[in-house]
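Q: Handing you a structure now.
The values are calculated or read from the model by the stated rules, or taken from the named source; none is laboratory data. Values in this document were obtained by computation on a predicted structure and should not be read as measured data. Cβ coordinates were reconstructed from backbone atoms using ideal geometry, including for glycine residues, and neighbour counts include every protein chain displayed. When the accessible area is computed, the model is the full protein with side chains, heavy atoms only, and any ligands, DNA or RNA have been set aside. Shrake-Rupley method; radii C 1.70, N 1.55, O 1.52, S 1.80 Å.
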Amino acid sequence: MTHAIELQDLHKYFGRNEVLKGIDMTVDTGQVVCVIGPSGSGKSTLLRCVNLLEQPTRGKVFVQGVEVTDPDVDIDAVRRHIGMVFQQFNLFPHMTVLQNVMIAQQRVLKRGKSEAEAIARENLEKVGVGAKCDALPGQLSGGQQQRVAIARALAMNPNLMLFDEPTSALDPELVGDVLAVMRQLAEEGMTMLVVTHEMGFARQVADRVVFMDGGVVVEDGDAAQVIGDPQQERTRAFLHRVLHPED
Amino acid sequence: MADQPMTAEPARARLSPRKKQRISRGVQYVVLLAVLVAVVLYADWGSLAQNFAKPDVAGHALPDLFTVALRNTIIYAVGGFVCSFLLGLLLALMKLSQVRPYRWISTIYIEIFRGLPALLIFLLITFLPLALPGFEVPGGTYGQGILGLGLVGAAYQAEVFRAGLQAVPKGQVEAARSLGMSATRAQITVVIPQAIRMVIPPTTNQFVALLKDSSLVLFLGVSGEYVELAKFGNDLASQYANATPIMVAGLTYLIVTIPLGYLASRLEGRKGRTR
């Protein structure tokens with residue numbers, strides 16, 4: 001069986017700085033994998049290599065068996081099937097919420113206006129912002145904006161979803177709404193690769209947790225085991241800092 | 001004056017800073033009053049009024065002042081603006097292009113047309129038919145004026161657009177690309193509309209500059225139905241040996257440019273609030 005995502009010996013340099021030092025990793029279809037680790041450990045870069053927002057310096061990336069790092073591959077076509085949610089939401093501020101969710105359906109998938117609108121409304125409803133269709137992104141709270149961003153990605157019928165610290169820019173009281181939507185997606189069987197600092201979410205929702213530090217995967221395993229009983233000293237130290245910040 | 005060293009000897013600092021400020025302000029009022037008195041006493045008001053604000057000469061300017069001169073000024077300015085807008089956007093995109101020769105071409109164009117006086121461009125345009133036999137700028141005199149204003153305005157507008165395009169956050173392109181849009185599609189759908197919104201205030205100022213520069217059409221040797229405000233005022237002034245028509249033309253410019261200036265600063269203020 002082909003993996004939803006497979007990374008083979010992935011290296012990424014920014015100038016002389018090696019951010020990813022040979023990552024091997026797989027995500028299977030229907031799995032939810034959370035990537036945790038200190039800032040600067042390369043988690044976001046890893047995620048961005050999957051849909052080639054960052055071009056890996058060396059190594060291969062496969063998405064559903066297709067090698068996306070192959071220069072002959074139509075990357076736009078590959079990205080259509082990979083939803084991505086960003087830390088800063090990146091909604092299009094000059095369009096209404098509804099247009100945000102419709103535009104790529106119309107321009108990329110060539111769906112008609114009424115079909116795109118119906119799908120947009122359905123997905124906005126699903127993430128709980130159906131009442132905000134005509135608002136501009138700037139008029140919404142961070143939590144609402146992030147849910148619109150999730151709806152925008154879902155409207156493309158992605159086969160898998162990438163989440164890049166989706167709750168890190170949110171006020172604490174708004175985090176729950178976004179996590180609830182992500183949890184629902186996970187329960188529906190969406191394949192998800194999530195970079196996050198939400199240990200509770202990782203423990204409860206993820207099938208696997210990957211701990212990264214210094215550009216390498218330090219520990220990769222069952223969520224409850226990596227968070228509850230980490231085998232590596234670095235993982236233990238990190239989790240201790242995160243879970244008991246005042247010690 | 002305000003920042004006298006704090007270490008000055010206490011004995012010499014007999015005046016407190018506030019007292020010094022009050023005296024300074026008093027002196028400024030005295031100077032102003034003296035200048036005003038001198039102007040009122042020594043200027044020949046009768047002669048000035050005769051030459052710069054003669055009602056019957058001003059009367060002769062109507063109705064052509066509005067129906068011909070202002071109309072033409074607006075035609076030149078709007079036409080030139082549309083050209084500079086489109087060419088400026090193209091130049092800005094070229095300047096930010098991945099293709100190095102495009103960047104060079106754009107840079108060279110911008111440097112040349114910003115570095116030369118606009119008047120020189122207009123003088124050169126009058127020689128185009130000589131340089132290119134059989135070539136005629138489409139639209140005749142209007143076309144020549146619009147071409148000149150468009151070429152010059154594009155260089156400035158390109159820099160305005162470049163700033164606007166660069167001000168759109170990188171995450172916007174990433175979001176568009178992650179949805180499967182091509183680089184070109186992302187520019188057209190996501191980046192350029194936002195950049196245009198951002199550059200509306202400076203672009204309004206560009207339009208005002210262009211409107212004033214339309215007076216350079218004078219040097220194309222226009223006449224009759226093609227004259228714009230400056231040429232119109234100048235012709236009438238020669239005819240009556242009186243500067244009143246130039247003043248009238250000037251007032252007409254102000255009727256357009258001052259509201260536009262206010263509009264630009266209002267738009268700028270609004271941008272500050274919504275961002």
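Q: Looking at the stretch B:22-81 only, could you name the residues that are under 16 Å from B:GLY233 (Cβ atoms) and of a type in the set (S, T, N, Q)?
A: B:ASN51, B:THR67, B:ASN72, B:THR73
Q: Same structure again: Taking the stretch B:165-182, which residues are open to solvent by less than 20 Å² (accessible area, probe 1.4 Å) and either at the interface with chain A (Cβ under 7 Å from one of its Cβ atoms) or in contact with a Phe, Trp or Tyr (Cβ under 7 Å, 6 or more places away or on another chain) (or both)?
A: Those that are open to solvent by less than 20 Å² (accessible area, probe 1.4 Å) and either at the interface with chain A (Cβ under 7 Å from one of its Cβ atoms) or in contact with a Phe, Trp or Tyr (Cβ under 7 Å, 6 or more places away or on another chain) (or both): B:GLY171, B:GLN172, B:ALA175, B:SER178, B:LEU179, B:GLY180, B:MET181.
Q: Here's a follow-up. Among the residues of the stretch A:210-223, is any open to solvent by 10 Å² or more (accessible area, probe 1.4 Å), of a type in the set (Gly, Ala, Ser) and part of a helix (DSSP H, G or I)?
A: no
Q: What are the residues in the stretch B:170-187 that are of a type in the set (Val, Ile, Thr) and either within 15 Å of A:ARG152 (Cα to Cα) or modelled with pLDDT of 95 or more (or both), if any?
A: B:VAL173 - this is the single residue of the stretch B:170-187 that is of a type in the set (Val, Ile, Thr) and either within 15 Å of A:ARG152 (Cα to Cα) or modelled with pLDDT of 95 or more (or both).
Q: Ok, one more. Residues that are at negative phi and open to solvent by less than 20 Å² (accessible area, probe 1.4 Å): list the helices (runs of 4 or more DSSP H) wholly contained in the stretch A:28-141 that include at least 2 such residues.
A: A:43-50, A:97-107, A:113-126
Q: Can I ask one more? Take A:GLU125 and tell me if it is away from chain B (no Cβ under 14 Å), over 23 Å from A:MET192 (Cα atoms) and among the acidic types (Asp, Glu).
A: It is false that A:GLU125 is away from chain B (no Cβ under 14 Å), over 23 Å from A:MET192 (Cα atoms) and among the acidic types (Asp, Glu).
Q: Evaluate the following for A:LEU154: is it farther than 24 Å from A:VAL63 by Cα, open to solvent by less than 40 Å² (accessible area, probe 1.4 Å) and within 14 Å of chain B (Cβ to nearest Cβ)?
A: In short, no.
Q: If I filter the stretch B:229-249 down to residues being over 12 Å from B:ALA58 (Cβ atoms) and assigned to a helix (DSSP H, G or I), which single residue comes out as least open to solvent (accessible area, probe 1.4 Å)?
A: In this case the residue turns out to be B:LEU229.
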